[in-house]
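Asks: This structure is in structure tokens; I'll ask about it shortly.
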Amino acid sequence: MEFPRRAVNGERALALVLLAASAAAAWAQSGSVLAARARDGRPWLAWIEAREKGQAAVPTFHLAIYDAAARRLSVLHVPDELKLDKRRTLERAYRDALKATEDPDAAARAAEDLADARLREMSPEPIPDISARLVVEVAPAEPEDEPSVAAALALKARGRRPRAWLSLARQAWRGLRAGDRTALDPLLFALELRRTPLQGLQPARLPDEALAPGLLGRLLSPEPPDDASRATTAEVLNGAGAPGLASRAAKMLRLRGVDVLTTGGARPRARTLVFDRAGDFRRAARALAALNCPTGRALTRLDPSRVVDVTVEIGADCAGAFGPGEDREP
């Protein structure tokens with residue numbers, strides 16, 4: 001049976017369009033830093049500027065380090081009080097730049113450049129060039145909130161908003177028309193995050209100058225072998241207010257292989273957080289999984305004075321996850 005010539009020509013035209021689209025995509029990706037670093041097994045870095053919705057306050061700044069092979073995104077919060085030199089903090093640098101330019105975007109870029117230089121001074125590992133600058137909106141912060149957690153979740157949530165995809169596509173198109181193939185990176189990054197599980201988000205806070213080099217070196221280096229033979233040590237703190245909650249959570253964690261050394265109380269909090277105190281995020285992630293608290297989050301916030309691998313702070317979101325009890329915390 002012979003197909004009509006019109007149908008055959010239509011199929012040929014469609015094949016040519018698809019071939020041209022594939023060639024265009026390959027051309028665009030050949031200039032993408034993200035694609036190149038993924039092929040070479042190296043991390044891709046971007047500055048993340050997180051702004052509260054409807055607020056004109058100082059944004060929070062984060063360094064995003066994406067490992068495509070491991071499907072892992074580290075979001076390192078660079079705190080406002082980071083000392084850039086003897087007299088200026090990161091916040092002061094942003095405010096000075098904003099006063100001089102009256103342009104929040106230009107002020108943020110100036111602050112990021114200064115923070116970038118400072119991080120390079122502190123890091124024992126070479127920091128690759130920063131490939132993109134991204135802005136995300138976060139919900140108004142509560143005093144207990146961790147900025148790195150909010151920024152990581154906001155980055156992940158962009159993939160559920162059609163408007164965000166349209167904006168990223170327009171930015172990529174404008175850049176490609178101007179011959180800048182690296183403009184495709186933010187769009188490719190958003191696509192990568194669609195495939196990155198929530199467990200692949202690793203929020204962290206830059207510690208003080210004594211501890212910062214160790215954390216930066218760990219984030220920028222291949223992950224060392226996991227010493228799973230040693231039990232994770234933990235302290236469990238009750239931030240939900242329900243009597244006996246820390247003790248009941250400790251029993252659950254012990255049954256699942258976590259060595260809980262102490263329990264106690266903590267300031268009230270809405271969300272359960274598991275803090276990595278020793279610089280091994282995997283232990284905090286495993287402790288969170290053992291809690292069976294889907295809304296909880298793990299993050300790195302170093303504190304060697306705790307003498308445990310992780311601190312578990314139970315929030316109101318998981319107050320009912322450990323069964324009833326009347327005993328009180330010591």
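Asks: When the range 62-83 is examined, which residues are found to be surrounded by fewer than 17 Cβ atoms within 10 Å (Cβ to Cβ) and farther than 20 Å from Arg51 by Cα?
Replies: Listed by number, the residues that qualify are Ala69, Ala70, Arg71, Lys83.
Asks: What pairs come up if the first residue lies in the range 57-77 and is farther than 15 Å from Leu220 by Cα and modelled with pLDDT of 95 or more, the second is of a type in the set (Asp, Glu) and part of a strand (DSSP E or B), and their beta carbons are under 7 Å apart, counting only those six or more places apart or on different chains?
Replies: Final answer for the pair search is Phe61/Glu49.
Asks: Looking at Arg42, is it closer than 29 Å to Leu184 by Cβ and assigned to a loop (DSSP other than H, G, I, E, B)?
Replies: Numbers: closer than 29 Å to Leu184 by Cβ: yes; assigned to a loop (DSSP other than H, G, I, E, B): yes.
Yes.
Asks: Against the conditions (1) within 21 Å of Asp145 (Cα to Cα); (2) surrounded by fewer than 19 Cβ atoms within 10 Å (Cβ to Cβ), where does Gly239 fall short? Just the number, please.
Replies: (2)
Asks: Are any residues in the range 101-146 of a type in the set (Gly, Ala, Ser), within 24 Å of Glu209 (Cβ to Cβ) and within 21 Å of the chain's Cα centre (by Cα), and if so, which ones?
Replies: Ala108, Ala111, Ala115, Ala117, Ser123
Asks: A further question on this structure: Tell me which strands (runs of 3 or more DSSP E) are completely within the range 165-281 and hold 2 or more residues being more than 21 Å from the chain's Cα centre (by Cα), or say none if there are none. Full working, then the answer.
Replies: Details: elements: 201-205, 233-238, 259-265, 273-276.
Passing ranges, in order: 233-238, 259-265.
Asks: Can you spot a residue in the range 121-139 that is more than 27 Å from Ala35 (Cα to Cα), surrounded by 14 or more Cβ atoms within 10 Å (Cβ to Cβ) and either out of contact with any His (no Cβ under 8 Å at 6 or more places or on another chain) or not small (Gly, Ala, Ser) (or both)?
Replies: Step one: filter the range 121-139 for residues more than 27 Å from Ala35 (Cα to Cα), giving 121-122, 138-139.
Checking which are surrounded by 14 or more Cβ atoms within 10 Å (Cβ to Cβ) leaves us with 122, 138.
Narrowing further to those that are either out of contact with any His (no Cβ under 8 Å at 6 or more places or on another chain) or not small (Gly, Ala, Ser) (or both): 122, 138.
Yes, because at least one residue in the range 121-139 is more than 27 Å from Ala35 (Cα to Cα), surrounded by 14 or more Cβ atoms within 10 Å (Cβ to Cβ) and either out of contact with any His (no Cβ under 8 Å at 6 or more places or on another chain) or not small (Gly, Ala, Ser) (or both).
The values are calculated or read from the model by the stated rules, or taken from the named source; none is laboratory data. All figures in this text were calculated on a predicted structure; none of them were measured in a lab. Positions of Cβ are backbone-derived with ideal geometry, glycine not excepted, and every protein chain shown enters the neighbour counts.
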